[in-house]
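Please read the structure below before turning to the comments.
The values are calculated or read from the model by the stated rules, or taken from the named source; none is laboratory data. All figures in this text were calculated on a predicted structure; none of them were measured in a lab. Methodologically, a virtual Cβ is constructed for each residue, glycine included, from the backbone with ideal geometry; neighbour enumeration extends over all protein chains shown. SASA here: full protein model, heavy atoms, side chains in, ligands and nucleic acids out. Shrake-Rupley method; radii C 1.70, N 1.55, O 1.52, S 1.80 Å.
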Amino acid sequence: MKLRRNIIFSALAFFMGYLARITWSVTSPYSSLRPTVAEDSLIFTLFFLGYVIVQIPAGILADMKSAKLITSLVLLPLSLSLFLSGMANNIELEYIASLIMGLSAGWIYPATLKVISETYKGRELAIAMGYYSLAWPLSITIAGLAIPYLTINLGWRWPYYILAALGIVGAIGTLTVSYPSNNLKGKSGFIIKFNRDVTILSFSGFLFFSSYWIITLYSYKYFLLIFNNPYLAGISYSLLALTGIPSTLISGRFINRLGVKRTLMVFELAYGILIVGIAFLHEPLVVFVIASLMGFIRFVITPANSTAVSLVGGNKSGSVAGTVNLFWQSSGISSPVLASIILGYSNYFVLWLFSALLVIGSAIGYISLKIKN
């Protein structure tokens with residue numbers, strides 16, 4: 001399959017939106033603002049609040065208007081919010097920047113997924129989703145390796161300034177890409193699709209992403225706590241995604257061989273078991289192995305989710321992406337609150353067991369999914 005520029009720039013936009021939301025989880029321990037656990041959780045929650053608010057309108061407009069223009073335009077306020085986050089001299093400005101960041105990044109997934117869905121069909125779709133989803137593990141890998149290095153050597157503000165500049169480059173580059181025409185463009189009416197499969201994808205995805213965000217947003221601090229070494233913590237955090245780079249690239253083969261539903265169930269069950277391992281085992285080498293396996297498995301699940309959305313959505317993939325992603329990313333609002341409550345009354349051990357149960361519940365939820373793959 002030819003790797004087209006629309007995948008490259010869609011993935012870059014996705015990369016920007018994803019890295020923007022997790023950067024604070026790495027820079028927070030080094031921030032001169034000295035945030036508390038509650039303040040960290042509020043920053044994460046405000047991002048996701050803004051993110052989910054725009055999901056439905058983003059999906060509808062992606063089906064009806066230019067996905068290319070939407071993607072390009074939202075990268076500009078996203079870059080502005082990153083700059084504001086970097087220059088913030090009080091926690092209140094971080095709150096505002098995080099909300100703007102979420103309101104901007106929320107448009108990216110429905111628009112870019114619409115582009116991929118319209119460009120590729122059949123067995124090529126799962127392969128294309130793998131390339132597109134590569135932005136996911138790359139962003140976490142960079143967050144774990146590059147951001148601690150930049151933060152320690154240049155200061156915690158510089159990662160935000162660098163990302164802001166990259167966002168502007170992405171906005172300009174996106175305008176040079178030829179995107180497919182949306183086949184609902186110009187049609188009137190409230191085009192949104194909600195049926196049994198959309199409901200299952202929304203509910204099971206909410207459970208999976210609740211666990212996903214707890215791990216993504218809090219694991220760096222956990223690794224820092226058990227290792228007392230920022231570089232070992234960074235390596236462990238990156239391994240949660242580094243092995244996801246090759247697995248994302250070959251995820252289409254798993255999906256085409258097992259089918260979307262079976263891929264989601266099998267890989268999520270395995271992922272839940274590995275989370276339990278993180279709770280019980282603290283030796284650095286063992287943690288590295290478990291984190292590597294988690295990264296490999298997790299980034300087969302995420303392209304499978306996107307492929308399921310495309311197949312269920314059909315020519316309304318933009319609105320379906322917006323609908324299910326509203327539920328998926330709503331977990332980003334609730335999971336920091338739940339995590340702060342659990343950590344306030346208990347410890348990380350309980351938090352990881354809770355996360356494992358969420359993933360296993362998600363896998364069970366897919367049993368009723370009916371999908372043509």
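Of all residues in the range 130-155, those that are closer than 15 Å to residue 230 by Cα have Cβ atoms under 6 Å from Cβ atoms of residues that are hydrophobic (A, V, I, L, M, F, W, C) and surrounded by fewer than 24 Cβ atoms within 10 Å (Cβ to Cβ), 6 or more apart or on another chain, in 141/242; 143/22; 150/158. Determine whether the range 286-308 contains at least one residue that is modelled with pLDDT under 90, in the same structural domain as residue 250 (by the TED database), open to solvent by 10 Å² or more (accessible area, probe 1.4 Å) and touching a helix residue (DSSP H, G or I) at 6+ places or on another chain (Cβ under 9 Å). Scanning the range 286-308, I find no residue that is modelled with pLDDT under 90, in the same structural domain as residue 250 (by the TED database), open to solvent by 10 Å² or more (accessible area, probe 1.4 Å) and touching a helix residue (DSSP H, G or I) at 6+ places or on another chain (Cβ under 9 Å), so the answer is no.
The lone criterion from (1) at pLDDT 85 or above; (2) farther than 21 Å from residue 43 by Cα; (3) open to solvent by 10 Å² or more (accessible area, probe 1.4 Å) left unmet by residue 341 is number (2).
A single member of 240, 232 is in the same structural domain as residue 338 (by the TED database) and open to solvent by 10 Å² or more (accessible area, probe 1.4 Å), and it is 232. Restricting attention to the range 201-237, the residues that are over 24 Å from residue 334 (Cα atoms), of a type in the set (Ser, Thr, Tyr) and either touching a Ser or Thr at 6+ places or on another chain (Cβ under 6 Å) or modelled with pLDDT of 85 or more (or both) total 1.
The residues on offer are 51, 30, and the sole one that is modelled with pLDDT of 85 or more, closer than 30 Å to residue 89 by Cα and surrounded by 24 or more Cβ atoms within 10 Å (Cβ to Cβ) is 51. When the residues of the range 119-129 are filtered to those that are charged (D, E, K, R) and touching a residue at least 60 places away in the same chain (Cβ under 8 Å), which remaining residue is most open to solvent (accessible area, probe 1.4 Å)? Looking at residues that are charged (D, E, K, R) and touching a residue at least 60 places away in the same chain (Cβ under 8 Å), I get 123. When residue 360 is tested against (1) in contact with an Asp or Glu (Cβ under 8 Å, 6 or more places away or on another chain); (2) among the hydrophobic types (A, V, I, L, M, F, W, C); (3) open to solvent by less than 10 Å² (accessible area, probe 1.4 Å), just one condition goes unmet, and that condition is (3).
Yes/no matrix, rows are residues, columns are (1) of a type in the set (A, V, I, L, M); (2) touching a Phe, Trp or Tyr at 6+ places or on another chain (Cβ under 8 Å):
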position: 90; (1), (2): no, no
position: 95; (1), (2): no, no
position: 99; (1), (2): yes, yes
position: 116; (1), (2): yes, yes
position: 137; (1), (2): no, yes
position: 149; (1), (2): no, no
position: 156; (1), (2): no, yes
position: 163; (1), (2): yes, no
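Answer yes or no: is there a residue in the range 85-97 that is open to solvent by less than 10 Å² (accessible area, probe 1.4 Å) and touching a Pro at 6+ places or on another chain (Cβ under 7 Å). Within the range 85-97, none of the residues are open to solvent by less than 10 Å² (accessible area, probe 1.4 Å) and touching a Pro at 6+ places or on another chain (Cβ under 7 Å). Is it true that residue 110 is touching a residue at least 40 places away in the same chain (Cβ under 8 Å), assigned to a helix (DSSP H, G or I) and not hydrophobic (A, V, I, L, M, F, W, C)? Yes. Note on the range 243-257: residues that are out of contact with any Phe, Trp or Tyr (no Cβ under 8 Å at 6 or more places or on another chain) and buried (at least 24 other Cβ atoms within 10 Å of the Cβ) total 2.
For (1) over 26 Å from residue 242 (Cβ atoms); (2) of a type in the set (Asp, Glu); (3) outside the structural domain of residue 31 (by the TED database), each residue gets a yes or a no:
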position: 62; (1), (2), (3): yes, no, no
position: 98; (1), (2), (3): yes, no, no
position: 101; (1), (2), (3): no, no, no
position: 104; (1), (2), (3): yes, no, no
position: 118; (1), (2), (3): yes, yes, no
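Just one residue in the set 25, 85, 41, 10 is modelled with pLDDT of 90 or more and not hydrophobic (A, V, I, L, M, F, W, C); that residue is 85.
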